[in-house]
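Asker: Supplied in structure tokens, the structure appears directly below.
The values are calculated or read from the model by the stated rules, or taken from the named source; none is laboratory data. It should be emphasised that the depicted structure is a prediction, and the values quoted were computed from it without experimental measurement. Don't worry about glycine lacking a Cβ; one is built from the backbone with ideal geometry, like all the others, and counts go over all protein chains shown.
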Amino acid sequence: MSLIIESKVNLEPFNTFKLKSWARFLVRINGVNDIKALLSHPVYKENKHLILGGGSNILLLSDFDGLVIKTEQKDLKVIHENEDEINIEVASGMGWHDLVTTCLANNWGGIENLSLIPGTVGAAPIQNIGAYGVEVKNVIRNVSGVDLTTGKFRTLSNSDCQFSYRDSVFKHDLKDFFFISSVTLRLTNKNHQINYAYDALKQHLYHSSIINPTINDIAEAVVKVRQSKLPDPAIDGNAGSFFKNPVVSTHQADSLKLKWPSIPLYPFEYQSFKVPAGWLIEKCGWKGRKVGNVGVHEQQALVIVNQSHASGEEIFHLSEKICEDVKEKFGITLTREVNVIR
């Protein structure tokens, strides 16, 4: 079956900020053969390209004068299983939360703390998604796809992916040059590692009278907590956490603590601490504040919301102002989690 290249496509249904942005071309990919065939297509050769999954981590500043490559394959297969663990290969187009619910239904443990995160499986390793004490790098065995510079199929091991906090090789050396077709995860069949260190999860379990939680209990707690704090992208356009939590040195942490005794600081890597970006933004007076068509969510200051037909430029401008205020007040530079597409 030949590739179908669509022209002048509205990307509003394909980004969770609900921004109206028109792509010059769009192609839907349903497997490795499709992406390999695309590399020899004139439209691909003559245009810049954007690989798009669920559109939950992008900010479109304008129309995209190029080719959008939309991944849509959604199959899952078991590639290895024993009494203790199971390895599954999941196509990049499957919705992440759809994968989580499938794993829970089969009693496969390891990603229950990552429930309700929007986006696709293919985007998960790029961002090294994480929540409530778990990062996806903890369960990724390898990532497979096509090198767009050579057209060759490659499989990258966990170490090849160079995972770090909300980061990977796919945001650096391989950015825009590697099409992820599938991700292989190593999950548990029994003896699941139950992680509920976060206070919000502990409190939910306590109020639900759950003493020995299962992976399903953890997933339910995560969903309840997320729903209580975060807006639904289907109702209020947003991309989840807009900023990364900044990391500061021990010296910086000591200085901040002297001036702001209540500042939350969490030990991170060697001689460093993570500071909640939401706390910094809230202390700058941005939580719940609206500016024109955009605003900061009233329950979670990390989230910027498209209030009413905002443009990408409006959202970006608000994020710039927030960064300026945090820098001026705390001397800390915020970094965006979202991928800004110009």
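Asker: Report yes if some residue within the range 69-89 is under 24 Å from S168 (Cβ atoms), more than 14 Å from the chain's Cα centre (by Cα), buried (at least 23 other Cβ atoms within 10 Å of the Cβ) and modelled with pLDDT under 95; otherwise report no.
Answerer: yes
Asker: Checking the structure you have, find out if any residue of the range 263-271 is farther than 28 Å from K48 by Cα, at pLDDT below 95, touching a Ser or Thr at 6+ places or on another chain (Cβ under 6 Å) and not charged (D, E, K, R).
Answerer: For the range 263-271, residues farther than 28 Å from K48 by Cα, at pLDDT below 95, touching a Ser or Thr at 6+ places or on another chain (Cβ under 6 Å) and not charged (D, E, K, R): present.
Asker: One residue is enough: does the range 17-38 have a residue meeting the conditions acidic (D, E) and touching a Ser or Thr at 6+ places or on another chain (Cβ under 6 Å)? Steps first, please.
Answerer: So in the range 17-38, the residues acidic (D, E) come out as 34.
Keeping just the survivors that are touching a Ser or Thr at 6+ places or on another chain (Cβ under 6 Å) gives none.
No, the range 17-38 contains no residue that is acidic (D, E) and touching a Ser or Thr at 6+ places or on another chain (Cβ under 6 Å).
Asker: Quick check, is K321 in the same structural domain as S241 (by TED's automatic domain parsing), of a type outside the set (V, I, T) and within 22 Å of R226 (Cα to Cα)?
Answerer: Against the criterion (in the same structural domain as S241 (by TED's automatic domain parsing), of a type outside the set (V, I, T) and within 22 Å of R226 (Cα to Cα)), K321 does not qualify.
Asker: Also: Within the range 41-53, does at least one residue satisfy the condition of being under 18 Å from the mean Cα position of the chain (by Cα), under 30 Å from R336 (Cβ atoms), part of a loop (DSSP other than H, G, I, E, B) and outside the structural domain of G151 (by TED's automatic domain parsing)?
Answerer: The answer is yes; a qualifying residue exists.
Asker: I'd like the full set of residues that are outside any strand (DSSP E or B) and free of Cβ contacts under 8 Å to residues at least 24 places away in the same chain, limited to the range 3-19.
Answerer: Residues satisfying the conditions are E12, P13.
Asker: Something else: Does the range 255-277 contain any residue that is touching a His at 6+ places or on another chain (Cβ under 9 Å) and among the β-branched types (V, I, T)?
Answerer: Scanning the range 255-277 turns up no residue that is touching a His at 6+ places or on another chain (Cβ under 9 Å) and among the β-branched types (V, I, T).
Asker: Taking the stated definitions as given, is G151 in a strand (DSSP E or B) and either more than 15 Å from the chain's Cα centre (by Cα) or among the basic types (K, R) (or both)?
Answerer: no
Asker: Another question about this same structure. Examine the range 283-295 for a residue that is surrounded by fewer than 18 Cβ atoms within 10 Å (Cβ to Cβ) and either under 22 Å from the mean Cα position of the chain (by Cα) or under 21 Å from Y132 (Cα atoms) (or both), and state whether such a residue exists.
Answerer: No.
Asker: Here's a follow-up. Restricting to strands (runs of 3 or more DSSP E) lying wholly in the range 185-290: which have 2 or more residues that are in the same structural domain as T101 (by TED's automatic domain parsing), out of contact with any strand residue (DSSP E or B) (no Cβ under 7 Å at 6 or more places or on another chain) and without any contact (Cβ under 8 Å) to a residue 60 or more places away in the chain? Give the steps one after another, and end with the answer.
Answerer: Values: elements: 237-241, 247-249, 272-274.
Answer list for the range 185-290: none.
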